[in-house]
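First the structure, in the form of structure tokens, and then the observations on it.
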Amino acid sequence: MNFEKHILVTGGAGFIGSNLCVYLVHKYSNYKIINLDALTYAGNLENLKSIENAQNYVFEKGDITDESKVNALFEKYKFDAVIHLAAESHVDRSIRNPLTFVNTNIVGTMVLLNSCKHYWQDNLEDKLFYHVSTDEVYGSLGEIGLFTEETPYDPRSPYSASKASSDHLVRAYYHTYNLPVKISNCSNNYGAFQFPEKLLPIFIHKIKNGEKLPVYGDGKYTRDWLWVEDHCSAIDVIFHKGKVGDTYNIGGFNEWKNIDLIHLLCDKMDEKLNREIGTSRESIIFVKDRAGHDRRYAIDASKLSNELGWKPSLQFEEGLEKTIDWYLANSDWLENVTSGAYQEYHKEQYGNVL
Ligand code: NAD
Ligand code: TYD
């Protein structure tokens with residue numbers, strides 16, 4: 001079959017990457033999606049079961065820091081574009097083990113940029129390196145204000161510093177080597193297939209099991225939440241219509257203080273689990289704060305909506321309901337990833353080829 005484009009998606013077995021692969025494979029039968037993922041603890045092929053046999057999809061196990069593997073894939077598939085999501089993505093882990101973040105997020109991005117430069121140098125037309133980044137590169141806001149594309153970078157955790165560094169390298173390759181690039185910086189995502197170490201899935205899991213709910217610090221830290229499928233649609237719009245060399249902020253105009261969000265989540269889950277409303281709130285405990293905890297993130301996504309016409313499709317309460325329903329309906333998924341049994345799944349399913 002002839003495909004119009006061969007697109008390398010890195011990190012496609014993770015939370016956002018798997019949602020994006022499913023989105024692209026269903027929407028663009030004329031594109032071949034090649035998913036490169038190292039299957040770290042955060043990568044899970046179960047997320048991709050709905051597309052694993054699709055004609056326009058293929059999985060390749062590999063590490064983005066492995067130059068020979070990446071080059072071999074460029075030789076094999078002749079990529080027209082890269083959408084780069086592979087990363088170490090959890091702030092708490094970055095505090096305990098920063099070097100892993102430097103390796104994957106900075107060195108890994110460099111390896112990909114170098115391969116793009118090498119294989120595309122004779123014809124840059126219609127090529128694209130799309131870098132998926134985070135609002136955390138902008139640092140921490142006070143009570144007011146929003147991050148715009150002009151906000152100076154001020155990363156404050158090893159995670160955000162490594163992502164900021166990768167963003168700078170992507171821009172450097174645009175300016176120095178004319179590599180066609182686009183960058184988007186998105187706010188906190190929520191939805192199906194998120195590894196239960198991030199706030200919403202871990203709290204859903206704990207509420208379901210009646211466990212204590214550890215809120216960092218005073219709980220008044222603020223995040224701007226976006227449904228993951230709306231992030232995917234934003235990437236789609238920017239990939240196709242965004243200006244080469246530009247950056248786009250993506251967000252839901254949807255700020256929540258952690259404690260208010262947790263109260264809402266507790267009450268909605270009580271309702272769904274037929275518990276008396278207020279039961280789960282009793283499990284909230286305030287614990288030692290995260291080191292260097294950023295106080296507030298909030299995104300101004302007006303460039304994306306004004307220039308490219310993108311808008312989030314879901315109201316937050318609707319998205320939260322869908323998310324809770326998904327984790328409750330997919331308790332096997334949750335049990336598997338929390339027990340480690342999902343690694344057995346990888347071996348059984350792909351043991352011969354991985
Ligand atoms: P995730 O941790 O769920 O998934 C990361 C994926 O990358 C996993 O499948 C993992 O196996 C893979 N990976 C890790 N190291 C690798 C390596 N060396 N080689 C190949 N694959 C590797 O992360 P996520 O939440 O889906 O985030 C994806 C991207 O989006 C990241 O770049 C992150 O910085 C960015 N982002 C995330 C959010 C969010 O709220 N989750 C918000 C904005 C931006
Ligand atoms: P997280 O999902 O780790 O995303 P990020 O740190 O990238 O924004 O955390 C979201 C917010 O929830 C953040 O302010 C830290 C807080 N948090 C808790 O209070 N308790 C927890 O157990 C976790 C995982 C996060």
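Could you run through segment 185-200 and say how many residues are within 8 Å of ligand 1 (Cβ to nearest atom) and in contact with a strand residue (DSSP E or B) (Cβ under 9 Å, 6 or more places away or on another chain)?
Residues that pass the stated criteria total 7.
Could you tell me how many of the residues in segment 32-42 are under 18 Å from I7 (Cβ atoms) and either outside any strand (DSSP E or B) or in contact (Cβ under 8 Å) with a residue 40 or more places away in the chain (or both)?
4
Being within 11 Å of ligand 1 (Cβ to nearest atom) and touching a Lys or Arg at 6+ places or on another chain (Cβ under 6 Å) is true for just one of T100, T109, T134. Which residue is that?
T134
Taking S165 as meeting all but one of (1) surrounded by fewer than 23 Cβ atoms within 10 Å (Cβ to Cβ); (2) touching a residue at least 60 places away in the same chain (Cβ under 8 Å); (3) outside any helix (DSSP H, G or I); (4) at negative phi, write down the number of the exception.
(3)
When you check I16 against the structure, is it open to solvent by less than 10 Å² (accessible area, probe 1.4 Å) and either in a helix (DSSP H, G or I) or away from ligand 1 (no atom under 13 Å from the Cβ) (or both), yes or no?
The answer is no for I16.
Restricting to segment 94-118, count the residues that are touching a residue at least 40 places away in the same chain (Cβ under 8 Å) and open to solvent by 70 Å² or more (accessible area, probe 1.4 Å).
Adding up the residues that qualify gives 1.
Being without any contact (Cβ under 8 Å) to a residue 24 or more places away in the chain and away from ligand 2 (no atom under 15 Å from the Cβ) is true for just one of Y173, Y153, Y130. Which residue is that? Lay out the reasoning, then the answer.
Values: Y173 fails: without any contact (Cβ under 8 Å) to a residue 24 or more places away in the chain; Y130 fails: without any contact (Cβ under 8 Å) to a residue 24 or more places away in the chain.
One residue alone meets the criteria, Y153.
The values are calculated or read from the model by the stated rules, or taken from the named source; none is laboratory data. Just so it is clear, the model here is predicted, and its values are computed rather than measured. Every residue, glycine as well, gets a Cβ built from its backbone with ideal geometry; the counts of neighbours run over all protein chains shown. Please note that ligands, DNA and RNA were not included when accessible areas were found on the heavy atoms of the full protein model with its side chains. Shrake-Rupley method; radii C 1.70, N 1.55, O 1.52, S 1.80 Å.
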